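J.: I'd like to ask you about the structure that follows.
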Amino acid sequence: MVWFGAVMAVVVLVGSMASYAFHARAHYEAIDRALITAAAATAADPAASAHLGHLAGQQGVALAVRLYARDGQLLQRSPDDVAPPVNPQAVLDRPEGPAYGFVPALAPSIVEVPRSTAGAFATIHDGRQRWRVFVHPVERGGDPTGAGPGFVVTLSPLGGLDASMADFRVLLTGLGALGLVVAGAGSWAVAGSALRPVARLTETARAIASSRDLSRRVQATGRDELAMLAATFNQMLDSIETAYRLQQRFVADASHELRAPLTAILGNLDLLRRRPDLPPEEQAQALEEARNEAERLSRLVADLLSLARADAGVPLVIKPVDVDAVVLEAFQEARRLVRGQELVLDPLEPVRVPGDRDRIKQLLLILLDNAIKYTPAGGRITLGLQAAGDGGAVLTVADTGVGIPPADLPHVFERFYRADPARSRDPGGTGLGLPIARWIVEQHQGQITIDSAPGRGTTVTVRLPA
């Protein structure tokens, strides 16, 4: 706002000065031209002395024409000459500059003034107004007085022009001041209206920073750029609020999940400390429970670390991977985890895709572990690998387990989410496996889908691009 006002002030000031400079210089130089022209005509025409009044009147400005002898004696003057006395020789000895001041001198000349090598200008004052004087020395052989060489002096009053220029300066000053006021008021109104949405954005951001209330929003009205900025700001707040609430829920869930195994471990250790006389079988049972909970805690910490790396944007190490070899390794490790289920590998096709070998194996173990947990003994789990038409890989893990209710399917990739009640019998899961699996697939630019129904089992399909 201050910069805009300063720029406007400079523009108005420069414009006013330029207008005054051009206008004043043009008028004062017009008078100088008329004086030179009249003096030259008088000096060139031997009979001009008899027609001084005619010469003075035909220049279009008020002029007085005089003839002086060489000794400075006035020989002849035009009718209605009321100009003050002039000493021609003194003017020639001490010529003066233009009749206008410093500001008009800055403007270029727009009136062609004839150059006179013999004459000189002066500006005199008679007590009421200024007079512009031009003295032109001549030698008049036909001079009736016989005085020999003399001077032609032309004079013009500047009182009217000086008064007009003074009024013009006052007018420009008033118009400039009025223009600054109008421009300032207009810019203040326009800038205030234009910056009001920015002020609302600032107030909202400051309020959110002080209160941490991410539910606040900015009113976005209109269709201009500031309205688009406000809408974008609201979208950003929506995203931040969603992420903040997910983070709060994640921290709460993580605290709860960490507290459960720690409580079990501390309880069993406290029991062993307080009851050293427990039978050996009960001591072994307490130690086994503590060990199981410690293993669960270890898995939970590892999963949390994986998700922390995912949230931090840690990139994968992408290299060509023989997916069929990774599938065989995961299949062999999963066989040691089954508890009465049938684990089948079908089909298995040779496929090579760019990816992170360790993460692809982690993905398969997560899916197989989930299938084993939620498939009762006697059920069937099938792991398959096929080559896609575009050269990618299609991985499938299908089971005949308890399945997932339709209402729970949209939430299975959320952290710490467990479907109820069918899958609430999780014997040791962390609730972070599927979120990690989705992150691995997304890092490979792939897709993961789940098709499931209660009592029918679950099929997870992963597509990895070539």
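The values are calculated or read from the model by the stated rules, or taken from the named source; none is laboratory data. All values derive from a computational prediction rather than experimental measurement. Backbone-built Cβ (ideal geometry, glycine too); neighbour counts: all protein chains shown. These area figures cover heavy atoms from the full protein model, side chains too; ligands, DNA and RNA do not enter into them. Shrake-Rupley method; radii C 1.70, N 1.55, O 1.52, S 1.80 Å.
J.: For the stretch 335-352, state whether one or more residues are surrounded by fewer than 18 Cβ atoms within 10 Å (Cβ to Cβ) and within 51 Å of the chain's Cα centre (by Cα).
T.: Among the residues of the stretch 335-352, at least one is surrounded by fewer than 18 Cβ atoms within 10 Å (Cβ to Cβ) and within 51 Å of the chain's Cα centre (by Cα), which makes the answer yes.
J.: Sticking with this one: In the stretch 352-367, what residues are assigned to a helix (DSSP H, G or I) and among the aliphatic types (A, V, I, L, M)?
T.: The answer is Ile360, Leu363, Leu364, Leu365, Ile366, Leu367.
J.: Scan Arg299, Arg291, Arg274 and give me the residue that is free of Cβ contacts under 8 Å to residues at least 60 places away in the same chain, closer than 26 Å to Leu432 by Cα and open to solvent by 90 Å² or more (accessible area, probe 1.4 Å).
T.: On the way: Arg299 fails: free of Cβ contacts under 8 Å to residues at least 60 places away in the same chain; Arg274 fails: closer than 26 Å to Leu432 by Cα.
The unique qualifying residue is Arg291.
J.: What tally of residues in the stretch 82-102 results from selecting those that are in a helix (DSSP H, G or I) and among the polar types (S, T, N, Q)?
T.: Within the stretch 82-102, residues that are in a helix (DSSP H, G or I) and among the polar types (S, T, N, Q) number 1.
J.: Would you point out the residue of the stretch 423-449, among those that are surrounded by 16 or more Cβ atoms within 10 Å (Cβ to Cβ) and modelled with pLDDT under 85, that is nearest to Arg259 (Cα to Cα)?
T.: Thr430
J.: Can you tell me how many residues within the stretch 84-108 are open to solvent by less than 40 Å² (accessible area, probe 1.4 Å) and over 21 Å from Met165 (Cα atoms)?
T.: The qualifying residues number 5.
J.: Only one of Arg200, Arg169, Arg216 is outside any helix (DSSP H, G or I), of a type in the set (Lys, Arg) and surrounded by 12 or more Cβ atoms within 10 Å (Cβ to Cβ); which?
T.: Just one listed residue meets the conditions, Arg216.
J.: From the set of residues in the stretch 307-351 that are of a type in the set (Val, Ile, Thr) and in a loop (DSSP other than H, G, I, E, B), which is farthest from Gln247 (Cα to Cα)?
T.: Keep residues of the stretch 307-351 that are of a type in the set (Val, Ile, Thr), which gives 314, 317-318, 321, 323, 326-327, 338, 344, 351.
Keeping just the survivors that are in a loop (DSSP other than H, G, I, E, B) gives 314, 317-318, 338, 351.
On the way: Val314: 19, Val317: 27, Ile318: 29, Val338: 34, Val351: 38 Å.
Only one residue fits best here, namely Val351.
J.: With the requirement that a residue be open to solvent by 60 Å² or more (accessible area, probe 1.4 Å) and of a type in the set (A, V, I, L, M), what does the stretch 63-74 give you?
T.: We begin by selecting, within the stretch 63-74, every residue open to solvent by 60 Å² or more (accessible area, probe 1.4 Å); these are 70-71, 73-74.
Result: Leu74, single match.
J.: Starting from residues that are among the hydrophobic types (A, V, I, L, M, F, W, C) and touching a Lys or Arg at 6+ places or on another chain (Cβ under 7 Å), keep the ones in the stretch 308-321 and report whichever is surrounded by the most Cβ atoms within 10 Å (Cβ to Cβ).
T.: So the residue we want is Val321.
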